[in-house]
Amino acid sequence: MKKKILVTSALPYANGPLHIGHLVEYIQTDVYVRFLRLRGGDVIYCCADDAHGAPVEIKAIEQGITPEELIAKYYDEHVRDFNAFGISFDSYYSTNSVENKKYSDLFFKRLSDGGFIYKKKIKQTYCGKCGRFLPDRFVRGECPKCGAQEQYGDVCESCSSTHKTTDLINAKCALCKNKVTQKGSEHYFFKLSAFSGKLKEWLNETKGLQSEIKNYVLNWIEEGLEDWDITRDGPYFGFKIPGEENKYYYVWLDAPIGYIASTANYCKNRGCKAEDYWQSPDAEIIHFIGKDIIYFHFLFWPAMLMAANFNLPTDIVVHGFLTVNGEKMSKSRGNFFTAREFLEKYDAECLRFYYAKLLSKKAQDIDLTFDDFRDRVNNELVANLGNFCYRVLSFTNKNFDSEIKDIDYSFFEKNKIENKFDEIERACSGFNFNEALRLIMEISALGNKYFQENEPWKLIKEDREKAHKVVGTCVNIAKDLSILISPILPEFSESLQEQLNVSDSTWKDLKSDLKDHKINKAEILVKKMEEKKTEEKKMETVKFDEFKRIDLRVGMIKEVRVHPDADKLYVIKVDLGKETRQLVAGLKEHYAPGELLGKKVVVAANLDPATLRGVRSEGMLLAADDGKKVTIIAPDEDVEVGAKVR
């Protein structure tokens, strides 16, 4: 705790809103940072929007605005949503900054001066129709390692492996959907392979790294590391390399350097500089990341830091993915929530509470099950913690004019609680917030039990002084809970401490008692969630006469082509007997074109035409979806085209 501590979360892309999957990491990091502050640590929390590269450029093209306008728009949205969930950054910045350009150029120079950068002419993915070399995210195809479809040109989201765009199978341009070719271009390469030994040494000597992650990365090193292409041809939204006309830093070079730039942003006018954290022996660096970017943070980034003579991270905490109701988040399944959508239905601190109950220093996936979410909030947060604090404080307001005089721990085994303080401290220090929260709730349960067993509402009639001491003891338990829970539920804690008439409490205040103290008026701290599945829409009914108006016809698919402006849509021509209709259908992830040609389908033929991503759709076909697989509803082969479905 004597060292300066810098904590970071991975940088969210500036091409879309935050969702509840993103929030796993930021809540996890924020709980840890708040815990360190509570313990008196010299800690800062830095992050930034990842503003460069193809994802930003693609989204800007889709929205008809410049990349600069796009990143400004999402920066404001991200800051708003982070604030709503209580994420307490000391610096939230952007990689599209003067500081990031300065440090990116510095890294490039030091890597070059050290002999770790060289030029090589390579084959690059090229789109003849668009007339440009294609950055990684402008290419989609089949992963060369696991065969997953629709993967980007740099990393597979299915198996987390990295690859070159030229390695993708059946690669296509993400802009025009045409098949790509290969063309020669000279690029700069970083000698990642030269750092195999140093990386192994760092991995083995760095205490606390998750063993399963460390072994995963060591296996990659044993298989042999390839040198890293750190440049991209223009046009490209990013930083131009000094002395080059049409070469830019690859986004994964300047993105992690954004951690340093954000630190520099924090240090402005504070009498410090980024080097105090990144090049001083008196500083520690802790990264929080998702398991999809392990390769970059455990190999590329530390190797760059070594080459540029910057501090290496002392820990990298890796978390798993979020599933919702046991399934991968998907808009089509109705289980995808942006941060803003979640706030329209639920309280932000309830999510912080639920994630804390699930998070430990393990890279396993966590599941947000809404029935369980509601039950844990109601039965633990509300019925245990919230109820205990309100009962005690309101009883003190009503019966003792809001005053506590003394406490008498002969009525209560204080060590049962104080022993848990050290356990909670160890759990939070080890990133095991699930264990810490379990212990906090045990303290609240002990307080509830003590209050209930002593029945001060009866005791006050027989021995007012003793009843007053019982209440004073319980108020002090509530004070301790307000401190312990503050990293997880900062708003709850602040409200509780305001009612307790205390402020700026730290970890040291856990073992100091409130005596001869007057509290403020008690208020309900947290409310019970409604007893309903708010994530599921109530099934609506229609009258039979309304249903009869739908004209369902048997059709046969005659033509299938890829939608020119949508990754997941086909444009399909369907023969309905007396006419041919054009339909737009979201089947690209589930059927190859050859599987659809000649297939009989059921078409809702009397729907109003609609335009989907610029293409007219004259009806809909019927399909079944179980959340994992989509299957077309197909009539028997002997049913004639054009027949009415009754």
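The values are calculated or read from the model by the stated rules, or taken from the named source; none is laboratory data. Please read all numbers here as calculations on a predicted model, not as lab measurements. When we count neighbours, we look across all protein chains shown, and the Cβ atoms used for this are built from the backbone with ideal geometry, even at glycine.
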Do we find that Tyr236 is over 16 Å from Ile117 (Cβ atoms) and not assigned by TED's automatic domain parsing to the domain that holds His287 in this structure?
yes
Residue satisfying condition, being in a loop (DSSP other than H, G, I, E, B), of a type in the set (Lys, Arg) and modelled with pLDDT under 95, within set Lys129, Lys59
Lys129
Applying the selection to the range 357-380, what residues are among the basic types (Lys, Arg) and outside any loop (DSSP other than H, G, I, E, B)?
Lys357, Arg374, Arg376
Note on the range 70-107: residues within 26 Å of Val33 (Cα to Cα) and among the small types (Gly, Ala, Ser) are Ala84, Gly86, Ser88, Ser91, Ser94, Ser97
Filter result for Lys101 (modelled with pLDDT of 95 or more and of a type in the set (Lys, Arg))
yes
Report yes if some residue within the range 84-92 is in contact with a strand residue (DSSP E or B) (Cβ under 8 Å, 6 or more places away or on another chain), of a type outside the set (Asp, Glu) and assigned to a strand (DSSP E or B); otherwise report no.
yes
Could you tell me whether His52 is buried (at least 23 other Cβ atoms within 10 Å of the Cβ) and either within 15 Å of Pro313 (Cβ to Cβ) or touching a helix residue (DSSP H, G or I) at 6+ places or on another chain (Cβ under 8 Å) (or both)?
yes
Within the range 191-278, which helices (runs of 4 or more DSSP H) (wholly inside it) include 2 or more residues that are surrounded by fewer than 20 Cβ atoms within 10 Å (Cβ to Cβ) and under 25 Å from the mean Cα position of the chain (by Cα)?
211-223
Output the number of the condition that Ser193 fails; it satisfies all remaining conditions of (1) of a type in the set (S, T, N, Q); (2) closer than 30 Å to Glu69 by Cβ; (3) at pLDDT 90 or above.
(2)
If a residue has to be assigned to a helix (DSSP H, G or I) and modelled with pLDDT under 95 to count, how many in the range 342-351 make the cut?
0
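Right, Tyr152: within 29 Å of the chain's Cα centre (by Cα), more than 27 Å from Lys109 (Cβ to Cβ) and surrounded by 17 or more Cβ atoms within 10 Å (Cβ to Cβ) or not?
When the stated conditions are applied, Tyr152 passes them.
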Answer from Arg110, Arg132 - the residue that is in contact with a strand residue (DSSP E or B) (Cβ under 8 Å, 6 or more places away or on another chain), closer than 26 Å to Trp228 by Cα and outside the structural domain of Ala566 (by TED's automatic domain parsing)
Arg132
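Which of the following residues is within 20 Å of Asp408 (Cβ to Cβ) and surrounded by 19 or more Cβ atoms within 10 Å (Cβ to Cβ): Lys479, Lys466?
When all the criteria are applied, what remains is Lys479.
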When (1) crowded, with 17+ Cβ neighbours inside 10 Å; (2) over 15 Å from the mean Cα position of the chain (by Cα); (3) part of a helix (DSSP H, G or I) are applied to Tyr354, the one that fails is (2)
Within the range 272-283, identify whether any single residue is in contact with a helix residue (DSSP H, G or I) (Cβ under 7 Å, 6 or more places away or on another chain) and either within 26 Å of Phe138 (Cβ to Cβ) or of a type in the set (Lys, Arg) (or both), and answer yes or no.
yes
Go through (1) at pLDDT 90 or above; (2) in a loop (DSSP other than H, G, I, E, B) for Val602 and report which single condition fails.
(2)
Quick one: what pairs do we get from the range 306-328, first residue on the phi > 0 side of the Ramachandran plot and free of Cβ contacts under 8 Å to residues at least 24 places away in the same chain, second outside any loop (DSSP other than H, G, I, E, B) and crowded, with 17+ Cβ neighbours inside 10 Å, C-beta under 9 Å, 6+ apart or different chains?
none
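The rows are residues; the columns are (1) surrounded by fewer than 20 Cβ atoms within 10 Å (Cβ to Cβ); (2) of a type in the set (A, V, I, L, M); (3) touching a helix residue (DSSP H, G or I) at 6+ places or on another chain (Cβ under 7 Å).
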| position | (1), (2), (3) |
| --- | --- |
| Asp90 | yes, no, yes |
| Ser104 | no, no, yes |
| Phe107 | no, no, yes |
| Gly115 | yes, no, no |
| Lys129 | yes, no, no |
| Phe138 | no, no, yes |
| Glu142 | yes, no, no |
Going through Asp513, Asp504, Asp509 one at a time, which residue ends up being in a helix (DSSP H, G or I), surrounded by fewer than 21 Cβ atoms within 10 Å (Cβ to Cβ) and not aromatic (Phe, Trp, Tyr)?
Asp509
Residue check, Ile316 β-branched (Val, Ile, Thr) and assigned to a strand (DSSP E or B)
yes
Lone unmet requirement of (1) touching a residue at least 60 places away in the same chain (Cβ under 8 Å); (2) under 20 Å from Ala307 (Cβ atoms); (3) part of a helix (DSSP H, G or I); (4) not polar (S, T, N, Q) for His187:
(3)
If a residue must be assigned to a helix (DSSP H, G or I) and either within 16 Å of Leu500 (Cβ to Cβ) or free of Cβ contacts under 8 Å to residues at least 12 places away in the same chain (or both), how many such residues does the range 393-428 contain?
11
Hits in the range 484-501 - residues which are surrounded by fewer than 17 Cβ atoms within 10 Å (Cβ to Cβ) and assigned to a loop (DSSP other than H, G, I, E, B):
Asn501
Would you say Ile71 is at pLDDT below 95, aliphatic (A, V, I, L, M) and within 23 Å of Tyr250 (Cβ to Cβ)?
no
